[in-house]
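Only one structure is covered here, and it is reproduced in the block below.
The values are calculated or read from the model by the stated rules, or taken from the named source; none is laboratory data. Owing to the predicted nature of the structure, the values given are computational and were not obtained by experimental measurement. Neighbour counts run over all protein chains shown; Cβ positions are idealised from the backbone, glycine included.
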Amino acid sequence: MTSISGSQWTLGKVVQSVLKHAFLIIMAVISIYPVLWVVSTAFTPGETLATGWHFVLDFLPFPNAPTIDHFTSVLHLQVTGGTFTDWLRNSLLITVSTVVASVALTLPAGYAFSRRIFPGRAGLMFSFLLPTMFPGVVTIIPQFLIFSTLGLVNTYLGCIIPYTVGSFSLSIFIMKGAFDSVPRDLDEAAMIDGASELRAFWQILVPLTLPSVATVSLWAFMGSWLDFALAHVMLQSNNLWTLPLALYSLITPTYTYYGTFSAMSLIMAVPVFVVFMIFQKYLVTGLTAGSVKG
Amino acid sequence: MASVLERLKASKTSYLYILPALIGLFFLILYPFAYNVYISFTNMNIFHIRDFYLIGFANFSYIFSDPDFLVIVENTVIWTFSNVIPTVALGLLLALILNSKVRGKTAYRMFLIVPWAMPSFITLLIWKGMYDYQYGVFNKFLEQFGVTPINWLGNCHWAFFSIVVANIWLGYPFMMIIFSGALQSIPTELYEAASIDGAVGFRQMRHITIPLIRPTIILGLLLGSIWTFNNFNSAYLITAGGPGICTTIFITQAYNLAFGGLLNFSVAAAYAFIAFIFLFFPGLLWTRYMGVTRQVS
Amino acid sequence: MARVSIQNVTKVFKDSPAVKDFSLDIGEGEFLVLLGPSGCGKSTTLRMVAGLEKPTSGNIYIGDSLVNNVHPKDRDVAMVFQSYALYPHMTVHDNLAFPLKMRKYSKEDIEKTVNRAAEILEISELLNRRPRELSGGQRQRVALGRAIVRNPKVFLMDEPLSNLDAKLRVQTRIELKNLQKKIGTTTIYVTHDQAEAMTLADRVAIMKQGTLQQVAPPTDVYAHPANKFVAGFIGSPAMNFIDGTIKTSDSGDVFQCEEFRFPIHPAIARSIPHGLSKKATYGIRAEDIIVDASPREGSVEISVFGSELMGSEQYVHGKNGGLTIVARAPMDFHAAIGFSVWMNLTSANAHLFDAETEKALV
């Protein structure tokens, strides 16, 4: 049967394509619009902002006389003893440690949950889920009490440990899923080849689950770099402040330094975005490894 | 049959692997949880910050007899549903489109991820500004068309709508990512076979794509619900629970009680515990779906 | 059923041509096998007939219609994939019913057709199971079932048996051939296994690097290969090739290679122009070589380095200088490793190939 669907096929496809792109463009614009405001404010001179932080007139946020003053002032910012370098150092130290700790702990845990059966397995997995089911705000107090007993208040560890444990909710499941999706045949092949279980783990399984490791790292990074609530409670001396704490100090009851605030927000957001872009191709495999039936 | 003790001994190394995580779990999750439950039965507040004592179910009866309570429950439940369903739907739609033949995928993805990658306390403050009655962009936009400006944050129903929209904005990138992953794991050959069998376009989606990612959809709905239920930022930063208690959900109420002057930690803890009860069943479902039953055979 | 006509089809993927100017006419009800090593373009050609790929140039006809721009679902073809591509979330029954459902058959018709197909393929008890609960052989039959339910114009099969174990493969081969004869649908079958091609095909089309080498019934391809590639690809053990020169003279034609020389059989020699010295490749199959324990006139000395004992016969592997020759011998022939035997390479079934073009001279 000859078919005229040849040309119709193409027309339908063009319409489909146009619709798809239209939708994507609209969503993309919606996605970045609020962020454009942050960018714009960061470049708007202080005097203009001083007349009130209002989103006036322009739909397209664009500063009339762009300036980078706010960015430089961020770098020279000083709040009773702490400087930008201090905050950056603190944030970096804490965040990197959190990422390392998170990976180090969720790898073996995910492996154990995936490959082994032991009493209490189900219950323990459920327990790791508790933090999400529980309003985090309220657990901060008991956590603070424990840490003050341990003398860990106002130390790096006081933040690293909670951040790491906090990431477990998702990360352990991610790693378990990743190990689930590696066929057991590989374990057995490795052991026949002479590898002990530990070596099989390090040299065979872990390399195969790198996308998930990347996901866990990204997750730990995001949870730690941007956290305010816990840091606020745990870190009291000014020179131990992390970036989010410094950021919040810009909002005083009397006045909000919007320009500096926006500039600093952007500076803080850029690493997140960069890390994200680097890891994003792993993100997809990492989050879904093992969760879709093969 | 191996006794419990024997089984425990055999699983020695398993426990070793999870030991550090276990310690963290115990101290930072289980203990605070237990502590919280404990406190909810006491009268810890600003008047009794150290010398608090057990008062039984008093906090709970206080909460349940509070006329506001039902409103808060209603708010929280509607909050959860009205967030999760559009977020999952949007994420799914975006993932489906990005999985099909369309050019510029990487560029689109980069933009679509932004709501998730940006620190939410900043973007939410922007949203708050956009909703501003006098100066906000939304009302400016409406004015252009001669529509009367809407009191986005002052009117009870609009306030709720506003925070939901902002929260959906925060949420769809994540859903988009997990659905993209699920879609990519469907072998192309299935689509080819379906083409030959006579299914194209929507029919393919209906008979092949959707059924195969059904597990992921359920996962997204479950996880999304659990997370949204206790999502603090959107509800607090934009409206702080107001006007009145229009946008108050469990967690904002708990926060206000705990840190709003009276330091009423015990009632806050009680609220938190009630929230936990609500989420117990979905949490259980999530565990079973995600991990426990999916043992490596 | 319908004819299929592929005319001057070329397919280029990003600068590398997968199929080059391929032309082939397949008759109604014919079982045609596309045979060749991996990467030769056979699967691509099949997929173009299915409509899963579009030819860069050329035309494809199914029946009398030009189908270049016709969507796979409108071409009335059915395909069996190498990996079966069964819908994992549907039962066997629903997998079989799916193509019919898409074409809006009535419920009764669907049931009838599905059950009939299940009977033919002996999978009736499996109708309520899911693909992951089935063995490889069972899945393969379900894949076949999905193809036959629709009674299409053409069956397209892409190495459907390669995932089965050897014994099952041989068994299924024969069942498949019978099935096709019974149903009578035109079939295009892709494989890299020459034994499979020989068993199944009405005609075999051999491809190499995108071009058609030869298309003919299996016996022809075996006995009269068009070029050295075809000759070497078909038949097991592979044909022996000896590079050398044809020396024609009045005393008789002789094949001269580095290691030795031997007479060319008169039946072949007749076709060679006289008085020439021509570089060529001599091809002879193991079963056409006569092995002797002692020297004979016209035979060459070969040193034995091994022997394959097949039970009813043996294949003697021997060397002389740089040459390796495999010859068939009866089981009781004693071929001692390291010792010499004499092989008579003169045969009326031998082949000569041009040294440059590799085309058959005879």
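List of remarks:
- Some residue of segment C:17-32 being at positive phi, among the small types (Gly, Ala, Ser) and touching a residue at least 12 places away in the same chain (Cβ under 8 Å): yes
- Within segment B:180-194, restricting attention to residues that are part of a helix (DSSP H, G or I) and facing chain A (nearest Cβ under 9 Å), the residue that is nearest to B:Ile238 (Cα to Cα) is B:Ser180.
- The conditions of being on the phi > 0 side of the Ramachandran plot and either in contact with a helix residue (DSSP H, G or I) (Cβ under 6 Å, 6 or more places away or on another chain) or buried (at least 21 other Cβ atoms within 10 Å of the Cβ) (or both) are met by B:Gly198.
- Qualifying residue in segment A:91-102 (condition: more than 7 Å from chain B (Cβ to nearest Cβ), touching a Cys at 6+ places or on another chain (Cβ under 7 Å), in a helix (DSSP H, G or I) and over 23 Å from B:Ala275 (Cα atoms)): yes
- Out of C:Leu96, C:Leu121, C:Leu144, C:Leu168, sole residue that is in contact with a helix residue (DSSP H, G or I) (Cβ under 8 Å, 6 or more places away or on another chain) and touching a residue at least 60 places away in the same chain (Cβ under 8 Å): C:Leu144
- Test: residue in segment B:120-134 that is of a type in the set (S, T, N, Q), in a helix (DSSP H, G or I), within 9 Å of another protein chain (Cβ to nearest Cβ) and free of Cβ contacts under 8 Å to residues at least 40 places away in the same chain: no
- Some residue of segment B:72-80 being over 23 Å from the mean Cα position of the chain (by Cα) and free of Cβ contacts under 8 Å to residues at least 24 places away in the same chain: no
- When residues in segment B:90-108 are screened for being assigned to a helix (DSSP H, G or I) and at the interface with chain A (Cβ under 7 Å from one of its Cβ atoms), 3 of them pass.
Condition check ((1) surrounded by 18 or more Cβ atoms within 10 Å (Cβ to Cβ); (2) at pLDDT below 95) across all residues:
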{"position": "C:Val19", "(1), (2)": "yes, yes"}
{"position": "C:Val33", "(1), (2)": "yes, no"}
{"position": "C:Pro37", "(1), (2)": "no, yes"}
{"position": "C:Glu53", "(1), (2)": "no, yes"}
{"position": "C:Gly63", "(1), (2)": "yes, yes"}
{"position": "C:Pro72", "(1), (2)": "yes, yes"}
{"position": "C:Val77", "(1), (2)": "yes, yes"}
{"position": "C:Ser83", "(1), (2)": "no, yes"}
{"position": "C:Tyr87", "(1), (2)": "yes, yes"}
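- Against the criterion of being closer than 18 Å to C:Pro237 by Cα and of a type in the set (Lys, Arg), C:Arg296 does not qualify.
- Residues located in segment C:39-51, provided they are buried (at least 23 other Cβ atoms within 10 Å of the Cβ), of a type in the set (Lys, Arg) and more than 14 Å from the chain's Cα centre (by Cα): none
- Elements of type helices (runs of 4 or more DSSP H) in segment A:126-226, at least 1 residues being away from chain B (no Cβ under 12 Å) and in contact with an Asp or Glu (Cβ under 6 Å, 6 or more places away or on another chain): A:197-200
- Boolean, B:Phe141 is hydrophobic (A, V, I, L, M, F, W, C) and farther than 21 Å from A:Trp219 by Cβ: yes
- Taken over segment B:251-279, the residue count meeting the criterion of being at the interface with chain A (Cβ under 7 Å from one of its Cβ atoms) and of a type outside the set (Gly, Ala, Ser) is 5.
- Residue that is surrounded by 24 or more Cβ atoms within 10 Å (Cβ to Cβ) and assigned to a helix (DSSP H, G or I), where the choices are B:Thr209, B:Thr252, B:Thr247: B:Thr252
- Among the residues of segment A:21-42, the one identified as surrounded by 18 or more Cβ atoms within 10 Å (Cβ to Cβ) and more than 24 Å from A:Leu266 (Cβ to Cβ) is A:Leu24.
- Options C:Lys42, C:Lys14, C:Lys101; residue that is touching a His at 6+ places or on another chain (Cβ under 9 Å) and free of Cβ contacts under 8 Å to residues at least 24 places away in the same chain: C:Lys101
- Evaluation of B:Asn167 against (1) more than 10 Å from chain A (Cβ to nearest Cβ); (2) exposed (fewer than 15 other Cβ atoms within 10 Å of the Cβ) (one fails), failing number: (2)
- Number of the condition not met by C:Met343 [criteria: (1) within 18 Å of C:Ser236 (Cα to Cα); (2) crowded, with 19+ Cβ neighbours inside 10 Å]: (1)
- Note on segment C:243-281: among residues that are in contact (Cβ under 8 Å) with a residue 40 or more places away in the chain and touching a Leu at 6+ places or on another chain (Cβ under 6 Å), the one that is surrounded by the most Cβ atoms within 10 Å (Cβ to Cβ) is C:Ala280.
- The selection criterion, being at pLDDT below 85 and part of a helix (DSSP H, G or I), does not hold for B:Leu153.
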